[in-house]
Amino acid sequence: MLWELRTHGMEINPGLRDHIDRRLNFALSRFGSRVTKATVSLTDNNGPKGGVNKSCQIVVRLRGLGDVIADVVDTEWEVSVDRATTRIGHNVGRELERKREFGREAIREY
């Protein structure tokens with residue numbers, strides 16, 4: 001799966017990059033070729049002040065369906081990434097289920 005990492009005003013260590021890669025593959029690999037691209041954006045909203053300010057947004061492009069988004073803010077990068085990847089896995093699954101249900105309804109009408 002092709003994914004892109006964008007950071008805003010910060011540098012990422014290789015350990016966090018590997019963590020993101022593992023979590024994305026775990027959350028999205030079951031959807032196979034339906035996922036064309038994922039973009040992970042990390043932003044430290046308050047800078048070095050601390051607090052609940054570490055934002056992780058994941059945008060997944062689905063073949064034929066458009067984008068699905070998950071956005072999480074937490075105090076730690078790993079926790080923010082973990083929650084966002086879990087959420088994007090659920091959101092993509094729900095979107096694909098909607099598409100499948102909509103397709104069944106369209107077939108039943110004929």
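I'd like to know which of ILE20, HIS8, GLY89 lies farthest towards the positive end of the charge dipole of the chain, counting +1 on Cβ of Lys and Arg and -1 on Cβ of Asp and Glu. So the residue furthest toward the plus end is GLY89. Summing Lys and Arg as +1 and Asp and Glu as -1 over all other residues whose Cβ lies under 15 Å from the Cβ of VAL72 gives a net charge of -2.
Extents of the chain, taken as max minus min of Cα coordinates on every principal axis and listed largest first, are 60, 23, 18 Å. Of all DSSP-defined beta bridges confined to the chain, some 75% are antiparallel rather than parallel.
Think of each Lys and Arg Cβ as +1 and each Asp and Glu Cβ as -1; about the Cα centre, that makes the dipole of the chain roughly 440 debye.
Multiplying the residue separation of ARG61 and TRP3 by 0.36 nm and removing their Cα-Cα distance gives an extension gain of 19.9 nm.
Within 14 Å, Cβ to Cβ, of ARG22, how many net charges do the neighbouring residues add up to if Lys/Arg are +1 and Asp/Glu are -1? Write out the running numbers ahead of the final one.
On the way: positive: ARG17, ARG23; negative: ASP18, ASP21, GLU78, ASP82.
Charge balance in the 14 Å sphere: -2.
Scoring 9-15, 53-59 by mean Cβ neighbours within 10 Å over their residues and listing the highest first yields 53-59, 9-15.
Using 0.36 nm per residue, how much length does the chain from PHE102 to ASN45 gain when fully extended, once their Cα-Cα distance is taken away?
16.6 nm
Where a number appears in this text, it was derived from the coordinates with a stated rule and is not lab data. Predicted model only: the values in this text are computed from it and were never measured. Positions of Cβ are generated from backbone atoms using ideal geometry, with glycine treated the same way; all protein chains shown enter the neighbour counts.
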